[in-house]
Amino acid sequence: MHRRLFPRTLALAALVAAAATAGAPTATAESPTPAAIRLNATIDAILADSRLAGAQASVVVKDATTGETVYHRNGDRRLVPASNTKLLTSAAALELLGPGHRFSTEVRTSGTRHAGLVSGNLYLRGGGDPTMLAADYDALAAQVAAAGVRVVTGNLVADDTRYDSTRLGPDWTWDDEPYYYAAQVSALTVAPDTDYDAGTVIVHAAPGATAGARPVVTTTPATGYLKIDNRAETVAAGETSLSFERGHGGNTVVVTGQIALRAAAASDWVSVWEPTGYAADVFRSALREHGVRVLGRTVLGQATPEGAAEVARHRSMPLAELVVPFLKLSNNGHAEVLTKEIGRVLSGSGTWSAGLTAISEYVADAGMDTGTLRQRDGSGLSRRNLIPAEEFVDLLTAVRAEPWFDTWYAALPVAGEADRFVGGTLRSRMRGTPAAGNVHAKTGSLTGVSGLSGYVTDADGRVLAFSILLNNYLASSVKTLEDQIAIALASYTGKGATGARVAPPAAPDVPRVPEGLECAWVKPNAC
């Protein structure tokens, strides 16, 4: 690929223009307007907050049209970006796979067929679809039955060979493993609901009939793949304090704690061990419901033979639609599947390394200096990801020229929009401020890591691209500081020299969100 130095070309053009208009009354880097001075003072004051004492802060803001730098603080510093990493992955996926890309899940048969009898195996071939629900496997089973298949003498073979067998990112921490945001990655999987957290099951616990009884535990979808070890208790009164834990290497979920007699049911998302087997279990149950008997056992990880006859197929939504739950809800599983899918489509290798190589080539072509950054996964869960804020801004500036940009921009979370598939991880933030309905940006969160990178339109109508990366702080949250910066940018006008509005010198007020709820739009640790 050739390398488009779009942001740097803009910067050079700006310097040439400045030289050509020397002596004119317009502002230059050497003579910033009073408005620009006050905006810089505002952001500096926000970053002087005591919550950032001893921490690292990097903030870059540029005019997305001209490339002019509006604010720059430590922009070349490599920091952990958390889920801001998804900006690279999603942009590369739309460019390299295309907005119309779909995943296919197929059912095929080998051997001979006579009337309703298949003398051979039934193959469930995964195409990587992270949106497959139990209802979709039921529809596949219905197609198999409609094709006249009644008995399969061989095995049910779950073919997940489109991708490699590495299930977890190499840098992911072991204590994240049971949680939905670190679910195992497979080309054949199941999502429990339309958040599409593939490779997870929702475990529900409702009060038992009497005090002292065990809670009633169920799962979505209903599956025998998980085993429940119910040690919890129903109590006459008190707060619900239930815990759902899955140990390493198995699918036994231990339920502990208490729930009051009249309390609402409690639920949590739990990742499964080996999602390929989970998908096979759900599909086998669906076949049984539709009157199709498979006499053999379930076999995992074998490839479908060439020439096997197709009897059923499910196609996913196009990527242009998938990027909405992916980016709005910051879905880690989508990021990792798309990384492996990029590798598979471009090089025939469904691996993290192949996908990340292709992503790196694309973002370099788009203007990022890949020699200054490191990307280790698609989602940002790895703490070995290191990306400077100025490189995010270069990408944000460059992709505005892409034909799929409007789709991508609309899929970013929007500040203060209550609908979770519009506001996403920003739905509770910046409400009632000039940034509400204005800021389109990707959030990022790990312990001691927070980020916000995207776009805001200022009071003069200029589109600004910005990246805020905060690392190594000890406070429980610093997201209000990101919000203050975004609100200041939304309020900014460069017309201060002529008496028009100027960004206030003090940090803007931010509507208070109860601590820990900045991202509580659906479930914890999601942004």
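The values are calculated or read from the model by the stated rules, or taken from the named source; none is laboratory data. Keep in mind it's a predicted model, so treat the numbers as computed, not measured. Ideal geometry is used to build each Cβ from the backbone, glycine not excepted, and the neighbour counts take in all protein chains shown. Heavy atoms of the whole protein, side chains included, go into the accessibility calculation; ligands, DNA and RNA do not. Shrake-Rupley method; radii C 1.70, N 1.55, O 1.52, S 1.80 Å.
Taking all protein chains into account, the per residue accessible area for the chain stands at 39 Å² (1.4 Å probe). In terms of the mean number of neighbouring beta-carbon atoms within 10 Å, the peptides 217-223, 116-122 order highest first as 116-122, 217-223.
Under 12 Å from the Cβ of THR89, count the other residues' Cβ atoms, weight Lys and Arg +1, Asp and Glu -1, and hand me the total. Around THR89, the surrounding residues sum to 0.
Here the chain yields Rg over Rh of 1.04, to two decimals, using C-alpha coordinates and the Kirkwood radius.
For the stretch 88-183, a simple Cβ point-charge model (Lys and Arg +1, Asp and Glu -1, everything else neutral) yields a dipole of about 720 debye relative to the Cα centre. On the stretch 179-257, 52 percent of the accessible area sits on carbon and sulfur atoms, based on a 1.4 Å probe.
Would you mind getting me the FRET efficiency between ALA418 and ARG262? Use the beta-carbon distance for r and R0 = 41 Å, nearest 0.05. After rounding, the FRET efficiency stands at 0.90. Simple point charges give the picture: +1 on the Cβ of Lys and Arg, -1 on the Cβ of Asp and Glu, and for the stretch 26-99 a dipole about the Cα centre of about 260 debye.
Note on TYR492: accessible area is roughly 10 Å² with a 1.4 Å probe, heavy atoms of protein only. For the residue pairs LYS86/LYS227; LYS62/LYS86; LYS227/LYS340; LYS62/LYS328, the C-alpha atoms sit more than 22 angstrom apart in LYS86/LYS227; LYS227/LYS340; LYS62/LYS328. Using 0.36 nm per residue and subtracting the Cα-Cα separation, the extra length available between ALA303 and ALA410 on full extension is 34.7 nm.
Calculated mean residue ellipticity, 222 nm, the chain: -8000 deg cm²/dmol, from DSSP H runs (n ≥ 4) at -39500 (n - 2.57) each, averaged per residue and rounded to 500.
In the stretch 213-332, one over the average inverse separation of all distinct C-alpha pairs is 18.0 Å, which is the Kirkwood hydrodynamic radius.
Report the Cα centroid-to-centroid distance between the stretch 206-241 and the stretch 451-493 in angstrom, as an integer. Taking the Cα centre of the stretch 451-493 as reference, the centre of the stretch 206-241 is 43 Å away.
What does the charge count near ASP164 come to, summing +1 for each Lys or Arg and -1 for each Asp or Glu among other residues with Cβ under 10 Å from its Cβ? My count for the surroundings of ASP164 gives +3.
Between the alpha-carbon centres of the stretch 285-306 and the stretch 307-340 there is a gap of 23 Å. Using every alpha carbon pair in the stretch 449-494, what percent of pairs falls into each 10 Å bin from 0 up to the bin containing the largest distance? Percent of Cα pairs in each bin: 27, 47, 21, 4. Which residue, GLY111, GLY199, ILE43, has the largest displacement toward the positive end of the dipole of the chain when charges sit on each Cβ (Lys, Arg +1; Asp, Glu -1)? Projecting each Cα onto the dipole axis, the largest value belongs to GLY111.
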